[in-house]
Amino acid sequence: MERAKVNQDISLNEYKDVWVLAETVNGKILPITLELMGEGRKLANDLGKKLVVIVPGYDIEEAAKELLEYDVDTVYYVEHELLKDFSTLGFVEVLSEEVKKRKPEVLLVGATSIGRDIGPRLAARLGTGLTADCTGLEVDAEDKKLLMTRPAFGGNIMATIICPKNRPQMATVRPGVMSRAKKAEKNNADFEKILPKLSKEDIRSKLVGTVEHDQKRVNLTDAKIIVSGGRGIKNKDGFALIESLANALGGEVGSSRACVDAGWIDSSHQVGQTGTTVRPDLYIACGISGAIQHLAGMSESKYIVAINTDKNAPIFDICDYGIVGDLKEIIPTLVSSIESGDF
Ligand code: FAD
């Protein structure tokens, strides 16, 4: 395998189109794909280029076809038996070949476990740069370069990064941040099967088995209502209160990192810069101070309600409704009002 040189002398004009790397699990397209397509469409329009989605996998035609219902110009699906199970080297091998051949200007990848694995290795193989964990993407109106924004220095500043000399301009994008693509009324997109060259020797790892996560799955990204607990709940048992409110409202349980670090709840519940980014219709922050790293993951919620004993807590600066008081008294009152239908 030959490693590409960074800063090689390339002709930027040869590169065109905005590509989205689709992700699938068990033959199903994951929501991050639609989020990247929604954002990719805007970028492609601003650049006056096409939006292309590439779907690697095996027996993947039906899943790839579903993407034709959205506003996309081309869908490539890359079929190979060795792509049935995810392997970093197998996926990077076929993707790097297609990128070299077809030369996209922009390549968007989900900042998921798989995307965070593929993205940097693919960028290194292609000799280009990658901005990881982006929360904002924009095309520079003057020089048409991609402006990739992400939190930096512990979330205290937002850094906007460009990739001026190499192509494609690559970004991983956090799930839950971008709006999903909408279905198109009609679409005449091109649909093309790619049969890549791939051998067992290209993949140096072997999948021994897969293990299902045995904990209750939490789906914060799609939740319409989230009730989150912070250090103000005092201990692990405090989550019973948070859960009671979440159940009464039909929502999910979220958490600040303080509770995850204390071992009170699994990290899959963490909201924020290093957790999940959420944008529910209603976010209730209970005993959460409102540190910038927490806000980075939930400030796009439609309505934010905060319950906190400290009237000067920063969470009150961004909430729509604030309740100053002890969550141990307020939550049971709210729950009984909801259950009795008074709310
Ligand atoms: P605290 O800041 O301790 O706040 C507890 C709040 O509870 C206080 O405001 C207090 O007034 C209130 N309270 C106390 N008792 C009660 C009561 N009985 N009733 C009501 N209110 C009460 N944090 C995240 O959440 N998510 C992240 O993804 C994240 N990523 C990070 C990444 C980096 C690089 C760094 C440096 C930090 C990150 N953090 C993250 C940590 C973040 O800086 C804060 O430390 C954390 O969010 C604080 O959690 P908290 O609000 O629960 O706790």
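The values are calculated or read from the model by the stated rules, or taken from the named source; none is laboratory data. Predicted model, so just to flag it, every value in this text is computed and none were measured. Heads up, the Cβs are rebuilt from the backbone with ideal geometry, glycines too, and the neighbour counts pull from every protein chain shown.
Residues in the stretch 157-175 that are in a strand (DSSP E or B), in contact with a strand residue (DSSP E or B) (Cβ under 6 Å, 6 or more places away or on another chain) and not polar (S, T, N, Q): 6 in all. Of everything in the stretch 270-283 that's of a type outside the set (Phe, Trp, Tyr) and more than 12 Å from the ligand (Cβ to nearest atom), which residue is nearest to residue 178 (Cα to Cα)? Once the filter is applied, the top-ranked residue is 279. Checking each residue in the stretch 185-204 for being modelled with pLDDT under 90 and either surrounded by 10 or more Cβ atoms within 10 Å (Cβ to Cβ) or within 20 Å of residue 32 (Cα to Cα) (or both) picks out only 187.
Output the residue which, of all residues in the stretch 318-331 that are within 12 Å of the ligand (Cβ to nearest atom) and not in a loop (DSSP other than H, G, I, E, B), is farthest from the chain's Cα centre (by Cα). Checking each candidate, the answer is 329. Selection of the stretch 259-296 for residues being small (Gly, Ala, Ser) and either free of Cβ contacts under 8 Å to residues at least 40 places away in the same chain or buried (at least 18 other Cβ atoms within 10 Å of the Cβ) (or both) yields 262, 263, 267, 272, 275, 285, 287, 289, 290, 291, 296. Residues in the stretch 176-200 that are more than 20 Å from the chain's Cα centre (by Cα) and among the polar types (S, T, N, Q): 187, 188, 199. Within the set 228, 267, the sole residue that is within 24 Å of the chain's Cα centre (by Cα), more than 7 Å from the ligand (Cβ to nearest atom), of a type in the set (S, T, N, Q) and at pLDDT 95 or above turns out to be 228. In summary, residue 258 fulfils each of the numbered conditions (1) closer than 22 Å to residue 224 by Cα; (2) within 9 Å of the ligand (Cβ to nearest atom); (3) not acidic (Asp, Glu) with the single exception of condition (1).
Does the stretch 12-31 contain at least one residue that is modelled with pLDDT under 90 and over 22 Å from residue 116 (Cα atoms)? Within the stretch 12-31, one or more residues are modelled with pLDDT under 90 and over 22 Å from residue 116 (Cα atoms). Checked against (1) touching an Asp or Glu at 6+ places or on another chain (Cβ under 9 Å); (2) among the hydrophobic types (A, V, I, L, M, F, W, C); (3) in a loop (DSSP other than H, G, I, E, B), residue 208 meets all criteria but (1).
If only residues of the stretch 284-317 that are closer than 22 Å to residue 335 by Cα, within 23 Å of the chain's Cα centre (by Cα) and among the β-branched types (Val, Ile, Thr) are counted, the one that is nearest to the ligand (Cβ to nearest atom) is 284. When restricted to residues that are surrounded by 19 or more Cβ atoms within 10 Å (Cβ to Cβ) and out of contact with any helix residue (DSSP H, G or I) (no Cβ under 9 Å at 6 or more places or on another chain), the stretch 317-343 contains 1.
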